[in-house]
Amino acid sequence: MPIPDPQVLADYASLPLDPYAGGKQRHRRFAQYRMVFDRACDDWSLELLPHRPFVQSSRVNGFAGGVRRHFDPLRVSLAPQIVAGARALRLDRDEVWQLNVHQNRLIARPDEPGVAVPEGPHRDGHDFSMIAVMDRRNVTGGRNQLMPTGGGEPFFEVTLEPCQALVFDDGALWHHATDIAATGPEPGHRDLCVVAYNRWCNREYGEEYERLALAGG
């Protein structure tokens, strides 16, 4: 995974609070893209889509699904990480892809662990996903897990360090992450770039998608 630009890392400190996470530990910005493979430059090309709320069906997210979640847009480019994920997944270059990109910070305090996944083990309904750790300071935990559909004992676990990422087929399994805890008297954090890769025909973007998702489809 590419080393993040220092300005990108610094921007994580200014992420707004995620008001839909049930606490004061999670901070987030959000953006959506159209991605195609540009054969002229032999690499993936990103087009920022007009900003819309983040919507998931309650069928795939029983914790915060079924509502329009309004997040501020990204202020920095996460393109190097996004493209690295597309390469690692070996996405079909003949397909057009729609991406959901989340810039997340999870904070742990000495008296309050950081809840990594409020909804518990789950799948998000995407074609493919990437979880990339951008920074990790003064925390323990945050162990990413992959498990069979429906839950159960993880068949893969890893504690990602900065500049490491996990990519996976979201439709083939469930995923989870353990909570983080501060390792000292000061707060610690775990900064992520989370990307969902959807074939354009399965895009999670636009009024029609939102209407169906809000109806539980």
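The values are calculated or read from the model by the stated rules, or taken from the named source; none is laboratory data. Just so we're clear, the structure is a prediction, and the values are computed from it rather than from any experiment. Backbone-built Cβ (ideal geometry, glycine too); neighbour counts: all protein chains shown. Keep in mind that these areas ignore ligands, DNA and RNA; they rest on the heavy atoms of the full protein, side chains included. Shrake-Rupley method; radii C 1.70, N 1.55, O 1.52, S 1.80 Å.
Below, the figures for the structure above:
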quantity: Counted residues, region 159-191 - those being out of contact with any Phe, Trp or Tyr (no Cβ under 9 Å at 6 or more places or on another chain), under 27 Å from Ser57 (Cβ atoms), among the hydrophobic types (A, V, I, L, M, F, W, C) and open to solvent by 20 Å² or more (accessible area, probe 1.4 Å); calculated: 3
quantity: Condition met for Asp38 (charged (D, E, K, R), more than 22 Å from Tyr209 (Cα to Cα) and in contact (Cβ under 8 Å) with a residue 24 or more places away in the chain); calculated: no
quantity: Residues being open to solvent by 60 Å² or more (accessible area, probe 1.4 Å) and in a helix (DSSP H, G or I) - total across region 62-86; calculated: 1
quantity: Hey, Val36 more than 17 Å from the chain's Cα centre (by Cα) and open to solvent by less than 60 Å² (accessible area, probe 1.4 Å) or not; calculated: yes
quantity: Out of Ala64, Ala88, sole residue that is out of contact with any Lys or Arg (no Cβ under 8 Å at 6 or more places or on another chain), of a type in the set (A, V, I, L, M, F, W, C) and at pLDDT below 95; calculated: Ala64
